[in-house]
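Below: one structure, written as structure tokens.
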Ligand SMILES: Nc1nc2c(ncn2[C@@H]2O[C@H](COP(=O)(O)OP(=O)(O)OP(=O)(O)O)[C@@H](O)[C@H]2O)c(=O)[nH]1
Ligand SMILES: [Mg+2]
């Protein structure tokens, strides 16, 4: 299994049109970059994984240990969301044996609190309503909910492999400021490097002061080359130079970091398009992946960000960050069921190995599994 794969077909057609552009969350530029947990990333989901689906391969030997570790991190990251979906469901049944309308209403509220979203919640509750006869206690309800969640996420279709990948394989990374673009690039670069890929990062966020310094640290940590210009330089020129360097150095994968905010949204979109046009001049089929980074803690706002970027930039994949510690993990179900863009990666922490390939079954397991004794 490989980290970077191509899509089977273009599933990037429709996305909900929400009109107004969302306001980017304000966040101060990160000054303190968390230390990696180990000297090497430990991302592991290999061909022997139980679900046999998407996978991030690692050069590590301790596959099983790593897998358990990753699942554990996913599970603990989702604790707040799981508490809503499981503990609170136990409470719903207090003094009752059967599901009634009041209980379904309370359930709706719980699901919306977890940021599954109104539309997705309605679909899910409808599915549960049809099956109430077979539910006579909280555990059965959780089982049914897990099945409903999985059914809603079934739109997700793991991309198929195209080996060998085009070389260089160019991933342009987008998202509003503070969502975790640079961090995700650092994590992905480290994973790709651990698979033996030669990686180069182009520092095309020349807008925010210190963005290049932050990326330099991540590149060093990941063992990747970096192409950068001075602050305020033309981001498209940096990307162009990055592709040129990648071609001459025989690089396998290029990540292009971009700004999350310019003076206006119009400026930002114009700049992103210019970067795309410019790299196409050097490499006509690039970018091979337009990866949108979304922050799970922004909840439903993430969906409108996806619509906005997709309209302008034709997003081909999503990375969802900050699933650790949020009570809004239900957004994953919304993203999978409402967007026609594959959710490929999830971020479960700030460290270099806190990134996983998204697997719907594993996610549903982590969301509904009972506490470990
Ligand atoms: N808890 C948690 N924090 C994360 C995760 N991913 C990123 N962060 C943190 O989010 C903050 C912003 O991350 P950046 O990678 O700088 O975000 P960015 O999108 O590049 O931001 P701009 O360059 O300002 O647009 C940093 O403090 C990161 O450590 C994650 O999966 N979990
Ligand atoms: Mg950044």
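The values are calculated or read from the model by the stated rules, or taken from the named source; none is laboratory data. What you see is a predicted model; the values in this text were computed from it and never measured. Every residue, glycine among them, receives a Cβ derived from its backbone with ideal geometry; neighbour counts consider all protein chains shown.
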Next item on the list: All but one of (1) surrounded by fewer than 24 Cβ atoms within 10 Å (Cβ to Cβ); (2) touching a strand residue (DSSP E or B) at 6+ places or on another chain (Cβ under 9 Å) hold for residue 177, so report the exception by its number.
Entry: (2)
Check: Among the numbered criteria (1) modelled with pLDDT of 50 or more; (2) more than 17 Å from residue 351 (Cβ to Cβ); (3) surrounded by fewer than 18 Cβ atoms within 10 Å (Cβ to Cβ), which single criterion is violated by residue 89?
Finding: (3)
Note to self: Criterion first (away from ligand 1 (no atom under 16 Å from the Cβ) and touching a helix residue (DSSP H, G or I) at 6+ places or on another chain (Cβ under 7 Å)) does residue 330 satisfy it?
What the structure shows: yes
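Table: residues versus (1) part of a helix (DSSP H, G or I); (2) near ligand 2 (Cβ under 9 Å from one of its atoms); (3) touching a residue at least 24 places away in the same chain (Cβ under 8 Å); (4) within 18 Å of residue 357 (Cα to Cα).
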position	(1), (2), (3), (4)
170	no, no, yes, no
176	no, no, yes, no
185	yes, yes, yes, yes
189	yes, no, yes, yes
193	yes, no, yes, yes
201	no, no, yes, no
206	no, no, yes, no
209	no, no, yes, no
214	yes, yes, yes, no
Check: Consider residue 240 against the criteria (1) within 16 Å of ligand 1 (Cβ to nearest atom); (2) surrounded by fewer than 23 Cβ atoms within 10 Å (Cβ to Cβ): it satisfies all of them except one. Which criterion is unmet?
Finding: (1)
Item checked: Members of region 282-314 that are more than 12 Å from the chain's Cα centre (by Cα) and under 14 Å from residue 256 (Cβ atoms) -> 282, 283, 286, 287, 288, 289, 290, 313
Checklist line | region 260-295, subset touching a residue at least 60 places away in the same chain (Cβ under 8 Å) and in a helix (DSSP H, G or I), residue surrounded by the fewest Cβ atoms within 10 Å (Cβ to Cβ) | finding: 265
Check: Which residues, counting only those in region 150-174, are modelled with pLDDT of 90 or more and either within 16 Å of ligand 1 (Cβ to nearest atom) or buried (at least 21 other Cβ atoms within 10 Å of the Cβ) (or both)?
Finding: 168, 169, 170, 171, 172, 173, 174
